[in-house]
Amino acid sequence: MSNLLRNSLLLVLAASPVLVTAQDLSGDNIRSLDGQVQEIKSDVLSIASELNTLEERLLFPSHTQVSLFVSIGQDEEFRLDAVQLEINGELASHHIYSFKELDALQNGGVQKIYTGNLTTGEHQLNVTMIGKLKNGKDFNESGSFVFTKGVKPKALGITLAGPGFGSGGIKVGDW
Amino acid sequence: MSRLSLLLANLLLVLLAAMPARAEDLNDLYFGEALYFAHQGLYFEALERLDTEVLQHKQIDEPELDSLFVHIDDAKFSLGDFELRYRMHHRAGRAIRAVLEGAVDEVVRNDAAYRLARIHFQKQQMEDALLALDRVDGEIPEAIRDDIEFLRANVYLAQGKQLESVDVLKSLKNSDEYSGFASYNLGIAYLQNGQRALAIEQLDRAGQIQTRDASELAIRDKSNLVLGTVLLENGEFERSLPYLNRVRLDGPFSNQALLSAGWAAMSVEDFERAVVPWSILVDREITDSATQEALLALPYAYGKLNIHGRAAIHYGRALDSFGAEIQKLNASVDSIRDGKFLEALVREEIRQNKDWVIRLRTLPETPETYYLMDLLASHDFQTGLQNYLDLADLRRKLLTWGGGFDAYDEIVEIRTGHYEPLLPDVDEQFRKLDSRMRLRVEQHKTLVKRRDDLLTSPRPEFLATPEEQMLLERIAVLEAKAAMNFASNEQTLVRLQRLKGVLSYTLRTEYHARLTEFDKNVRNLDQAMAMVQGEYDEYVRNRQAVTHSFEGYEKPMRRLRAEVEQSVEEIDRLMARQGHLLEVLAIEKLVARRDHLENYGDKARFALADSYDRATQAQARLSETP
């Protein structure tokens, strides 16, 4: 049984301070595979980029392309639950936000919420946002905007702010 | 302990990997979109967006007019960050190095140098990390001042330069962010440098920090456990006990501390005191190696106290527990060999929970993951595991894209079928219209030029009406005839002159009015021509768009389809290798634990028999006693 004490001490020592514990036997194999995984990641990223460009060209040609982006104004503390967009009276997008998505927006992320095709000329955009204020009260706000689609791709930014906080409301502008 | 081991193993990386900065006053939507994905942990999507955006920015003739221009340094930093977070260390740093070597101000350059050093550290390239840190000079951003020093200290520690590390860590004693970690690491640096007394003093200090922060409490426990272990190893059993007792009973290091406290007491032959921690420990999570050892150690202590009956009961309990755990381990090995471990690892729903690896054990037919926690916490296994999960994600993406090609082909086919029969007639009509259009454009140009010429050198005859022009021509003919005919009388010539004079008078006196009218008509024509030109241009654009809507897709689609298929094949190959490696490592670990438990079982069996004998002998002695 005295071996038990020695073994136990060895176990304790195994838990003593080391910066990194690596599986030495498998380390080389894993590192070699790691390099190959990084290569395939790079290849797939390049496929994704090319495919997206091709897809955009096929589905949303530049002369009819319209993209709408959503962002949240700085220092806004309201909770955005959903956004609904209508273009010329037709439902274009209805997005319900997950916690992660909302967090990403609050940290300065910009969401591409809609990409579609429109003819050149004037169009009507209706934006509705649903959310909750810091005091727990539900709110629902809408805005109606007119924008002009030219021959170039159109990108519109929709900046949302909770009512009663900051400048408030829904703002739409060219980007 | 296992979860915290994982936490501590990754602690440094977590501390060093700063989140992408909030894009204040963001001007570039696509950079914002990349951040939107990055903040959700979707680094593949973030990289794909930002890489394309930065590439397009580089190809622009006047980049200063591009919306990314003001963010380009941030964008390059973020590219490096995203690549790092997506575990693409080979690529990470490329963009940051470009910033570092560019003409940027001190603050930006120092930030870049720090980020580059962090990348080298994570790639375990310590010399390069130090070289990058040495480039930090002049004004340092306040937010990363301590980060730089903490990184420097860790690079020194990783290089075995404890003395240098000690100097740096001392300077972080008052850091808000790093004081706890620096204090512990300083103790470790002293220890590794052979400065035992200083190490004990420092770890003692780190083991008494007042804090409510969970990670600092864990560091405090670890300091006490390490210090207790160092003393125990050195035979200073009594002295080790207070430090081991300082470890919180509900903390992640408590099992190991309880086990060591028991052995320290045993070593000074204070068997009763050894029973106390071990009695607590035997009722804890059975898969923990400290608990399993305590199952054997507790009856050993009872034996020393000559309570052989109780010792026998506990040895029996230990045997039962070991037997059950060996069965569990065998089932776990079988489950891994059947591929259940890898199947469970890639299940999306279980990964929604932050403790997903632990939750694997709740799934049917999956291995007992508690036994794998140490392995899961190791850097190489983590790398392998994350790579396996990334490969599985990539595979899912590629299969989805692969499914889209048929739909794209169908779109192109429908468009081709619709437009191709229409286009020859449309093009024929357009050619006719085009030649008429060109003629009118030339006529318009001539009229504009004539108007412009008349403004600088007046020519009244140019503004004559068709009737006047006919009359002028007739007069000219008659004048010529008169000149040839000597018989013409003087009166005829005078009449011709008079008629010519009347016409000239009209042309000259009405010249300005006629020029104004002409100008007005040319301007109206300008408008009409502009409208026609607009329609012409729109037609050309639409005609081009029609061509672009179905032509030029076949080759790239075919190539991309082949690339997707090849990538899936390559990923399948890599996943098989990576998965096999993970399975082998997991099985090795489980088999080692099983062998260990079987060894414990043998000892328990022998000790159980011995305890029964001794208990029986004691009972016999008692009965013999009158």
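Multiply the residue separation of residue B:535 and residue B:491 by 0.36 nm, subtract the distance between their alpha-carbon atoms, and state the gained length in nm to one decimal.
Details: separation 44, 0.36 × 44 = 15.84 nm, distance 6.01 nm.
Full extension of this stretch gives 9.8 nm more.
Angle, helix B:554-624 long axis vs. longest principal axis of chain B, Cα atoms, 0 to 90°, nearest 10?
10 degrees
For chain B, what relative contact order do you get, as a whole percent, if you take Cα pairs closer than 8 Å and at least 6 residues apart? Intermediate results must be reported in sequence, preceding the final value.
On the way: 617 pairs, mean separation 70.4, N = 626.
Here the relative contact order equals 11 percent.
In region A:72-175, what GluC sites (Glu not before Pro) fall in a loop by DSSP, with at most 12 other Cβ atoms inside 10 Å? It would help to have the intermediate numbers written out before the result.
Numbers: sites: A:76, A:77, A:86, A:90, A:101, A:122, A:141; in loops: A:76, A:77.
Here the sparse-neighbourhood loop sites are A:77.
So how tilted is helix B:196-206 from the main axis of chain B? Cα-based, degrees 0 to 90, rounded to 10.
Between the helix axis and the principal axis of chain B, the angle is about 70 degrees.
Under a crude label model (7 Å from the Cα following the beta-carbon direction), how far is residue B:193 from residue B:143 in nanometres?
The answer from the label model is 3.3 nm.
Given a Förster distance of 22 angstrom, what is the FRET efficiency for residue B:591 paired with residue B:347, based on the Cβ-Cβ distance and rounded to 0.05? Mind showing how you got there, number by number?
Values: r = 25 Å, r/R0 = 1.13.
The formula returns an efficiency of 0.30 here.
Going Cα to Cα from residue B:500, which aspartates and glutamates come in below 19 Å? Please leave out same-chain ones fewer than 8 positions away.
Residue B:500 reaches B:461, B:467, B:468, B:473, B:479, B:490, B:510.
Would you please name the trypsin sites (Lys or Arg not before Pro) within region B:265-332 that are DSSP coil residues with at most 16 other C-beta atoms within 10 Å of their C-beta?
On the way: sites: B:273, B:284, B:304, B:310, B:317, B:328; in loops: B:284.
Passing sites in region B:265-332 are B:284.
Which whole number gives the average count of other chain Cβ atoms within 10 Å of the Cβ atoms across peptide B:33-44?
Details: counts 7, 2, 6, 12, 3, 3, 9, 10, 2, 2, 1, 4.
That average works out to 5.
Which residues does the label zone of residue B:584 cover in region B:379-416, counting backbone N under 19 Å from a point 7 Å along Cα→Cβ?
Correct set: B:379-389.
Tally Lys/Arg at +1 and Asp/Glu at -1 over every other residue whose Cβ is under 13 Å from the Cβ of residue B:479; what's the total?
Numbers: positive: B:474, B:481, B:495, B:498, B:500; negative: B:473.
Once positives and negatives cancel, what remains is +4.
On a straight-distance basis, which aspartates and glutamates could pair with residue B:76 in a cross-link, Cα separation under 14 angstrom, same-chain partners fewer than 8 positions away excluded?
B:28, B:48, B:51, B:53, B:101, B:111
Please work out how much length the chain gains when fully extended from residue B:324 to residue B:459, using 0.36 nm per residue of separation minus the C-alpha to C-alpha distance, in nm with one decimal. Before the final figure, lay out each step's value.
Working: separation 135, 0.36 × 135 = 48.60 nm, distance 11.65 nm.
Going from the current span to full extension adds 37.0 nm.
What FRET efficiency comes out for the pair residue B:334/residue A:152, r = Cβ-Cβ distance, R0 = 60 Å, nearest 0.05?
Working: r = 63 Å, r/R0 = 1.05.
FRET efficiency, residue B:334 to residue A:152: 0.45.
Do the sum for chain B: with -39,500 (n - 2.57) for every DSSP H run of n ≥ 4, divided by all residues, what is the mean residue ellipticity at 222 nm, to the nearest 500 deg cm²/dmol?
Values: 25 runs with 486 residues, N = 626.
For chain B, the value works out to -26500 deg cm²/dmol.
Can you compute the modelled spin-label distance between residue B:480 and residue B:415, with each label point 7 Å from Cα toward Cβ, in nm?
6.4 nm
Round to the nearest 10 and give me the degree value, 0 to 90, for the angle of helix B:29-38's Cα axis relative to the longest principal axis of chain B.
20 degrees
Between residue B:60 and residue B:433, what is the label-to-label distance in nm when each label sits 7 Å out along the Cα-to-Cβ direction?
3.6 nm
List the lysines whose Cα sits under 27 Å from the Cα of residue A:171, skipping any in the same chain fewer than 8 residues away.
By straight Cα distance, residue A:171 reaches A:100, A:112, A:132, A:134, A:137, A:149, A:152, A:154.
Given R₀ = 30 Å, what would the calculated FRET efficiency be for residue B:208 paired with residue B:268, taking r from the Cβ atoms and rounding to 0.05?
On the way: r = 24 Å, r/R0 = 0.81.
The calculated FRET efficiency here is 0.80.
Just so you know, all these numbers are worked out from the coordinates, no wet-lab data involved. Since we're looking at a predicted model, the values are computed, not measured. So basically every Cβ, Gly included, is an ideal-geometry build from the backbone, and we count neighbours across all protein chains shown.
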